[in-house]
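I am attaching a structure below and will ask some questions about it afterwards.
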Amino acid sequence: MADHTEDALIREVNDELREEQMMKLWQRYGGVLVVVAIVIVVIVAGYQGWKAYDISTRTSEGGRFQNALQLAQSGDTAAALSAMSALSNDAASGYGMLAQFQEAALLNKQGDAVNAALLYQKIARENIGNVAFSGLANILGIMVEINAGGYDPKALEFRLTSIADDVHPYRYSARELLGIIALEAGDSEKAKAAFTNLSNDDTAPKGLRERAKNLLQRLGA
């Protein structure tokens, strides 16, 4: 499979993973009405990938990735995790990266938020030279940690600071998470400032601006 096709598939699937975690956050605050089918996110993402790229016929690694997704769909999470781990360790294509993200998602789905977060951190470290992959791994991992609770706000803020920079591809997600962390820490003024900036930023994604506006209303701003 051509590199640009693999990169597109990785972006599509990981966008699904990020959206799943963000939905959990906003459901907690009741600021947005979210209708979500109760399905394993990797299967949703997998089917989208198959429709767009027909990955099952492209390469042997695509076939392995499909088989792992089918194991997850059948409810055999342990086997799916094993298959994703094996693929991430020996794949020569972008499926290895994709398998790592899906492995972390499966861990989180089965309630192992600690190891899911650790795997996301590992992905971020191993891809430090690629701001898109490392940034995405950090964003997804931090979402997992926030949803799990008991996190260190300062540590998460430190990891998000560079991602929130004006030139980073995931800057808007990072700024949104910084607002959520401030909100959970009881710093309503800091949260209001973060959400106000996002809601007024015409370059931010529309859905994110709407979420920020809803949180501002909830905060009485």
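The values are calculated or read from the model by the stated rules, or taken from the named source; none is laboratory data. Not measured: the values here are computed from a predicted model. Don't worry about glycine lacking a Cβ; one is built from the backbone with ideal geometry, like all the others, and counts go over all protein chains shown. Heavy atoms of the whole protein, side chains included, go into the accessibility calculation; ligands, DNA and RNA do not. Shrake-Rupley method; radii C 1.70, N 1.55, O 1.52, S 1.80 Å.
Check every one of the helices (runs of 4 or more DSSP H) wholly within segment 44-117 and list those with 3 or more residues that are at pLDDT 90 or above and of a type outside the set (S, T, N, Q).
77-90, 94-109
Looking only at helices (runs of 4 or more DSSP H) that lie completely in segment 118-205, which have at least 2 residues being touching a helix residue (DSSP H, G or I) at 6+ places or on another chain (Cβ under 7 Å) and in contact (Cβ under 8 Å) with a residue 40 or more places away in the chain?
Passing ranges, in order: 131-148, 171-184.
Right, another one. Do we have any residue at all in segment 87-101 that's within 21 Å of I181 (Cα to Cα), open to solvent by 40 Å² or more (accessible area, probe 1.4 Å) and in contact with a helix residue (DSSP H, G or I) (Cβ under 8 Å, 6 or more places away or on another chain)?
Looking through segment 87-101, none of the residues is within 21 Å of I181 (Cα to Cα), open to solvent by 40 Å² or more (accessible area, probe 1.4 Å) and in contact with a helix residue (DSSP H, G or I) (Cβ under 8 Å, 6 or more places away or on another chain).
Out of L98, L106, L71, L81, I need the residue that is without any contact (Cβ under 8 Å) to a residue 24 or more places away in the chain and of a type in the set (A, V, I, L, M, F, W, C). Which one? Don't jump to the end; show me each part of the working.
On the way: L98 fails: without any contact (Cβ under 8 Å) to a residue 24 or more places away in the chain; L106 fails: without any contact (Cβ under 8 Å) to a residue 24 or more places away in the chain; L81 fails: without any contact (Cβ under 8 Å) to a residue 24 or more places away in the chain.
It is L71.
Counting only residues that are in contact with a helix residue (DSSP H, G or I) (Cβ under 7 Å, 6 or more places away or on another chain) and outside any helix (DSSP H, G or I), which one in segment 206-221 is modelled with the highest pLDDT?
The qualifying residue modelled with the highest pLDDT is L219.
Which of the numbered conditions does A68 fail, given that it passes all the others? Conditions: (1) surrounded by 15 or more Cβ atoms within 10 Å (Cβ to Cβ); (2) under 17 Å from the mean Cα position of the chain (by Cα).
For A68, the exception is condition (2).
Suppose we keep only residues that are under 22 Å from G179 (Cα atoms) and over 15 Å from the mean Cα position of the chain (by Cα) within segment 111-155. Which one would you say is most open to solvent (accessible area, probe 1.4 Å)?
K154
Taking segment 112-141, which residues are hydroxyl-bearing (S, T, Y) and more than 18 Å from V167 (Cα to Cα)?
Y120
On to the next question. Looking only at segment 188-219, which residues are among the charged types (D, E, K, R) and within 17 Å of T161 (Cα to Cα)?
Listed by number, the list holds a single entry, K190.
Can you name the residue in segment 206-221 that is open to solvent by 20 Å² or more (accessible area, probe 1.4 Å) and in contact (Cβ under 8 Å) with a residue 60 or more places away in the chain and, of all such residues, is nearest to the chain's Cα centre (by Cα)?
R211
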